[in-house]
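Undergrad: Below: one structure in structure tokens.
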Amino acid sequence: MPELLRIYKRQRKYLVILLCLYLAGAMFPGYRSVFLGLLLGTTVSLFNLWLMVKKTMAVTDVSPGKKRISLGTGMRMAAAVLAVAVALRFPDLFHLLAVVIGIMTSYLVIMIDFFVGLLQQRKSKVR
């Protein structure tokens with residue numbers, strides 16, 4: 001499963017860079033709630049990505065007599081609901097739409113990373 005870990009580390013790096021950019025953007029007073037919402041949502045998104053990778057590795061570990069476990073969808077949904085609840089509780093601090101966009105960020109990073117990988121494979125096959 002080293003391929004999955006390599007992909008996860010690359011995507012985690014991209015998300016941490018985005019988090020740093022959102023943190024820098026939170027320094028602008030007019031857009032503070034938007035960037036804090038993006039920061040909260042992307043943090044939850046990073047947690048969900050980590051949880052998905054961890055659960056995927058546990059499910060794919062096929063050992064005799066070992067009980068299969070779920071992919072943790074409920075936990076990921078609960079984390080997203082918690083982030084939205086925090087945004088609803090503190091609307092002056094977190095922009096709700098920014099939180100929702102932040103929660104979707106890891107999925108966008110996964111798709112972009114997939115297409116970039118396809119382009120790189122295609123380029124290497126042409127050479």
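The values are calculated or read from the model by the stated rules, or taken from the named source; none is laboratory data. Being a predicted model, the structure only gives us computed values, none of them experimental. Note: areas computed on protein heavy atoms with side chains; ligands, DNA, RNA excluded. Shrake-Rupley method; radii C 1.70, N 1.55, O 1.52, S 1.80 Å.
Undergrad: Can you put 125, 55, 13 in order of accessible area, largest first, using a 1.4 Å probe?
TA: Values: 125 170, 55 55, 13 110 Å².
Most to least solvent-accessible, the answer reads 125, 13, 55.
Undergrad: Counting only helical runs of four or more DSSP H residues, what would the 222 nm mean residue ellipticity of the chain come to if each run contributes -39,500 (n - 2.57) and the total is spread over all its residues?
TA: -28000 deg cm²/dmol
Undergrad: State in Å² the accessible area per residue of the chain; use a 1.4 Å probe, count heavy atoms of protein chains only, and round to the nearest integer.
TA: Per-residue value: 69 Å².
Undergrad: Then there is this: Quick one: pull the percent of accessible area on the chain belonging to carbon and sulfur, 1.4 Å probe, ligands and nucleic acids left out.
TA: Working: 6350 of 8800 Å².
Its accessible area is 72 percent carbon and sulfur atoms.
Undergrad: Let me understand region 7-47 better: what is its radius of gyration from the alpha carbons, and its Dmax, in angstrom?
TA: Over region 7-47's Cα set, Rg and Dmax evaluate to 10.7, 36 Å.
Undergrad: Separate question: Hey, if you drop one equal point scatterer on each alpha-carbon of the chain and run the Debye formula without solvent, what base-10 log of I(q)/I(0) do you get at q = 0.13, 0.15, 0.20 Å⁻¹?
TA: Computed log10 I(q)/I(0) values: -0.63, -0.78, -1.09.
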